[in-house]
1. Can you work out which of the residues in the stretch 60-102 that are among the charged types (D, E, K, R), open to solvent by 40 Å² or more (accessible area, probe 1.4 Å) and within 23 Å of Leu17 (Cα to Cα) is farthest from the chain's Cα centre (by Cα)?
2. Would you be able to tell me the number of residues in the stretch 36-60 that are closer than 20 Å to Thr83 by Cα and among the acidic types (Asp, Glu)?
3. Among the residues of the stretch 145-167, are any of a type outside the set (A, V, I, L, M, F, W, C) and outside any helix (DSSP H, G or I)?
4. Look at Arg165 and say whether it is open to solvent by 30 Å² or more (accessible area, probe 1.4 Å) and touching a residue at least 60 places away in the same chain (Cβ under 8 Å).
5. As an exercise: evaluate Ser131 against (1) over 14 Å from the mean Cα position of the chain (by Cα); (2) under 21 Å from Ile188 (Cβ atoms); (3) at pLDDT 95 or above and give the number of the one condition it does not meet.
6. For the stretch 25-41, what are the residues that are over 18 Å from the mean Cα position of the chain (by Cα) and surrounded by fewer than 16 Cβ atoms within 10 Å (Cβ to Cβ)?
7. Do any residues in the stretch 46-65 that are under 18 Å from Glu120 (Cβ atoms) and touching a residue at least 40 places away in the same chain (Cβ under 8 Å) have Cβ atoms under 8 Å from those of residues that are surrounded by fewer than 18 Cβ atoms within 10 Å (Cβ to Cβ) and basic (Lys, Arg), where the two are at least six apart or on different chains, and which pairs are they?
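The values are calculated or read from the model by the stated rules, or taken from the named source; none is laboratory data. A quick note: this is a predicted structure, and the numbers were derived from the prediction, not measured. Ideal geometry is used to build each Cβ from the backbone, glycine not excepted, and the neighbour counts take in all protein chains shown. The protein model used for the area step is the full one, side chains on, heavy atoms only, and it has no ligands, DNA or RNA in it. Shrake-Rupley method; radii C 1.70, N 1.55, O 1.52, S 1.80 Å.
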Amino acid sequence: MPGALVFISGASSGIGLALARAVPWPDARVVDVSRRGAPGLEHFRADLADPSSWRAVAELFAREMKGFTGGDVVFVHSAGTLTPIGFAGEVDPAAYARQVLLNSAAPQVLGDAFLRAARETRARCTLLVISSGAARNVYEGWSAYCAGKAAVDQWVRTVGAEQRRRGGRVRVVAVAPGVVESAMQQEIRATSERDFPEAPRFRALHRDGELRDASEVATELWALIRGDVESGAVMDLRTRADR
């Protein structure tokens, strides 16, 4: 049996893929929960914007965590989307609904499933949700993304308090990593100012070399996970301060 069991949603690209490649336990089993998968990773196919997939992921957690005797179980929820970028009421309604489901509902439902499955193992369990500065700042064109990140931050605060009251069985943490070079950033830079008025600022960040490297961010996130961060913390990775 591996010494650690790691589930990462959205590990087919971006921060999720970087996290999968930087897992600090050499004998860990790493499972990518995503639509596409990535070369060299165990893949559990799930479209997390489709609620019909959530039950299968919950069953995956329950099946693999029951009786797990290794030292650590980690679930990193990294999956998220900005698509469609544009003003509410002007973008495709079906795509907007998928964005709401993926960014807001999926983290809460899958987080709940992870908490339930954690009752069946004695391993140290950690749930890390990738957050964003968009949780507390207004970005016109990102309404569903901003609202989703804000919802998940408050979910983490509340569930962290619940876990502490129940004895701290699972650590639950949200971390905003800063502006990281990724396919999402490419999408932002390609968006018109009509649909996203802040696009020029993000183009300037890229031009001036201000974007963070995903592999460096992944190393910092793993150090945080292996440290003693308190359950319920909602943090900025750059300052390590609670937000």
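1. Residues of the stretch 60-102 that are among the charged types (D, E, K, R), as a first pass: 63-64, 66, 72, 90, 92, 98.
Pick out the ones that are also open to solvent by 40 Å² or more (accessible area, probe 1.4 Å) and you get 63-64, 66, 90, 92, 98.
Narrowing further to those that are within 23 Å of Leu17 (Cα to Cα): 64, 98.
Values: Glu64: 20, Arg98: 16 Å.
By that ranking, first place goes to Glu64.
2. Count: 2.
3. First pass over the stretch 145-167, keeping only residues of a type outside the set (A, V, I, L, M, F, W, C): 145, 148-149, 153-154, 157-158, 160, 162-167.
Now narrow it down to the ones that are outside any helix (DSSP H, G or I): 166-167.
Checking the stretch 145-167: at least one residue is of a type outside the set (A, V, I, L, M, F, W, C) and outside any helix (DSSP H, G or I).
4. Details: open to solvent by 30 Å² or more (accessible area, probe 1.4 Å): yes; touching a residue at least 60 places away in the same chain (Cβ under 8 Å): no.
It is false that Arg165 is open to solvent by 30 Å² or more (accessible area, probe 1.4 Å) and touching a residue at least 60 places away in the same chain (Cβ under 8 Å).
5. (1)
6. Our first condition is that a residue be over 18 Å from the mean Cα position of the chain (by Cα); within the stretch 25-41, this holds for 25-29, 39-40.
Pro26, Asp27, Pro39, Gly40 - these are the residues of the stretch 25-41 that are over 18 Å from the mean Cα position of the chain (by Cα) and surrounded by fewer than 16 Cβ atoms within 10 Å (Cβ to Cβ).
7. Ala58/Arg116; Phe61/Arg116; Ala62/Arg116
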